[in-house]
Amino acid sequence: MVFFIEKARDVSMSSLYQVLSPAGELVSDLKGLLDEATMIKMYENMVLVRQFDRKSINLQRQGRMGTYAPFEGQEASQVGSAMALAPGDWLFPTYRDHAAAIVHGQSMARVFLYWMGHMEGSISPKHLNIMPPCVPIATQMVHAVGTAWASKLQNEQHVSIAYFGDGASSEGDFHEALNFAGVFQTPTIFFCQNNGFAISVPFSQQSASKTIAQRSAAYDIPGVRIDGNDIFAVWLTMKEAMQRALEGKGPTLIEAVTFRYGAHTTADDPKKYRDQEILSEEWRQERDPLQRLRVFLENQGLWNETKEDELMAHVNEQIDAALVEAESYPKSKPEDMFKHVYAEPSWMATEQESELVKPSKQEGIPA
């Protein structure tokens, strides 16, 4: 199936690999690599996670959930990459990759629980290797390499995928991970969703290199730059990277160029550092990942308004059921933060927990 990555070093790093144009037209021949059922499932998954994302923002605004990291606009990158994985593959998400986790098998109820402050929200099904969302920037990349190396040493046919943003490429962990993976040829896929901003800092102020993909040359591994809003390009590139990894050809760095419409988190105001209205509308109207796939499916006679209405009703029902399950859990307690930190509680943690839970001495203030 090798058709793109092996040739990537001969292609300008400023170019984007694209299969499905923003107008919903094929610009590259699929050659039977994607069947109709998979295409429809891609669209259904993207609709599901977009509705989940919107629901989560509303829940946060209602005070029913904590600070939340939205991803609307990046669905093709997350859904396309996760759909390419096999059940036993290892997924190392950031705090924004809940769409990928859901597609890989994490329940929506668990994702809700995570943002509601429950430690149970970090637990994945026993038969799946989904790591807890990683809040520290780029640290999960090193973990993904170590897990991939273990899989290689044990002759397992598994890959590890590390999700990260453009800001993470400025961290030392990024370089350590790529260097180790290159030296030991680990079956690791480094999947960067380049949103153009590390919170408020544009990529042009983060790096002198024009792209993230070109950095792969320093570690002698393939680096490819793709249209991150083209789910066909994402899925096909992932499949090829996985094939290379499982054949012992080592890691791949994928830079998926995309854009998140909303804020960095619900505690952020993007209007303070970028022209939110122009950028969001430009990407939403001209490059939206869901719209381009829907147009393609409709032109192929695979989708219509009736199916759209049925899908929306179904996904909203699923999301509502997951929310009911999540909200049936007992409320999380502040002292839960001290659990599962140390094998044996340290005196400092014990003292801090005691200070937190003891009755307040201030009159009129409840414990």
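The values are calculated or read from the model by the stated rules, or taken from the named source; none is laboratory data. The structure presented is a predicted model; accordingly, all values stated were derived computationally and were not measured. Don't worry about glycine lacking a Cβ; one is built from the backbone with ideal geometry, like all the others, and counts go over all protein chains shown. Heavy atoms of the whole protein, side chains included, go into the accessibility calculation; ligands, DNA and RNA do not. Shrake-Rupley method; radii C 1.70, N 1.55, O 1.52, S 1.80 Å.
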Helix 172-184: inclination vs the chain longest Cα principal axis, degrees, rounded to 10, gives 50 degrees
Among Asn194, Asn179, Asn304, residue whose mean-square fluctuation peaks in a GNM of the chain (springs only between Cα atoms under 10 Å): Asn304
Cut-off under 16 Å on the C-alpha distance; same-chain residues fewer than 8 positions from Lys339 excluded. Which lysines are left, in chain and number order? Lys331
Rounded tilt (10° steps) of 75-84 against the dominant C-alpha axis of the chain: 80 degrees
Near Pro132, within a Cβ-to-Cβ distance under 15 Å, what is the net charge of the other residues, with Lys and Arg +1 and Asp and Glu -1? +1
If Lys272, Lys249, Lys55 are ordered by their accessible area, calculated over protein heavy atoms with a 1.4 Å probe, which sequence runs from highest to lowest? Lys272, Lys249, Lys55
If each part is reduced to its alpha-carbon centroid, the range 123-151 and the range 35-78 end up apart, in Å, by 22 Å
Separation of the Lys358 and Ser209 label points, Cα + 7 Å toward Cβ, nm: 5.2 nm
Any idea how far the Cα center of the range 333-349 sits from the one of the range 222-261, in Å? 39 Å
Could you pull the accessible area for His314 with a 1.4 Å probe, rounded to 10 Å²? 100 Å²
Cross-link partners among aspartates and glutamates for Lys126, C-alpha distance below 16 Å, same-chain residues fewer than 8 apart left out? Asp89
Return the long-range amide H neighbours of Tyr17 (sequence gap of 5 or more, or a different chain), with a cut-off of under 5 Å between placed amide H atoms. Arg225, Ile226, Asp227
Compute, for Leu153, the solvent-accessible surface of its heavy atoms (probe 1.4 Å) with the complete set of protein chains present, and express it in square angstrom to the nearest 10. 120 Å²
Just reorder Glu255, Glu353 by solvent-accessible area, largest first, 1.4 Å probe, all chains present. Glu353, Glu255
Nearest 500 deg cm²/dmol is fine: what mean residue ellipticity at 222 nm does the chain get from its DSSP H runs of n ≥ 4 alone, each adding -39,500 (n - 2.57), divided by its residue count? -13500 deg cm²/dmol
Nearest 5 is fine: what % of DSSP beta bridges in the range 3-332 come out antiparallel, could you say? 10 percent
Among Val183, Val357, Val19, which one shows the highest mean-square fluctuation when the chain is modelled as a Gaussian network with alpha-carbon springs under 10 Å? Val357
In square angstrom, what is the accessible area per residue of the chain with a 1.4 angstrom probe? 47 Å²
Keeping all protein chains in place and using 1.4 angstrom, which order do His340, His143, His158, His104 fall into by accessible surface area, from largest down? His340, His143, His158, His104
Ser15 and His340 label points (each 7 Å along its Cα→Cβ direction) are spaced in nm at 4.6 nm
Protein accessible area in the range 256-367, 1.4 Å probe - carbon and sulfur %: 52 percent
Net charge near Gln185 (other residues with Cβ under 13 Å of its Cβ; Lys, Arg +1; Asp, Glu -1) is +1
Please identify, among Leu293, Leu128, Leu34, the residue showing maximal mean-square fluctuation in a Gaussian network model of the chain using a 10 angstrom Cα cutoff. Leu34
Just the number, please: carbon plus sulfur as a percent of the accessible area of the range 83-163, 1.4 Å probe, no ligands or DNA/RNA counted. 62 percent
Heavy atoms of Asp173: accessible area, 1.4 Å probe, square angstrom to 10: 40 Å²
With viscosity set to 1.306 mPa s and temperature to 10 °C, compute the Stokes-Einstein D of the range 59-108, Rh being the Kirkwood radius across alpha carbon pairs; µm²/s, no decimals. 134 µm²/s
Under 28 Å from the Cα of Lys249, which lysines turn up, not counting those fewer than eight places away in the same chain? Lys7, Lys31, Lys152, Lys210, Lys239
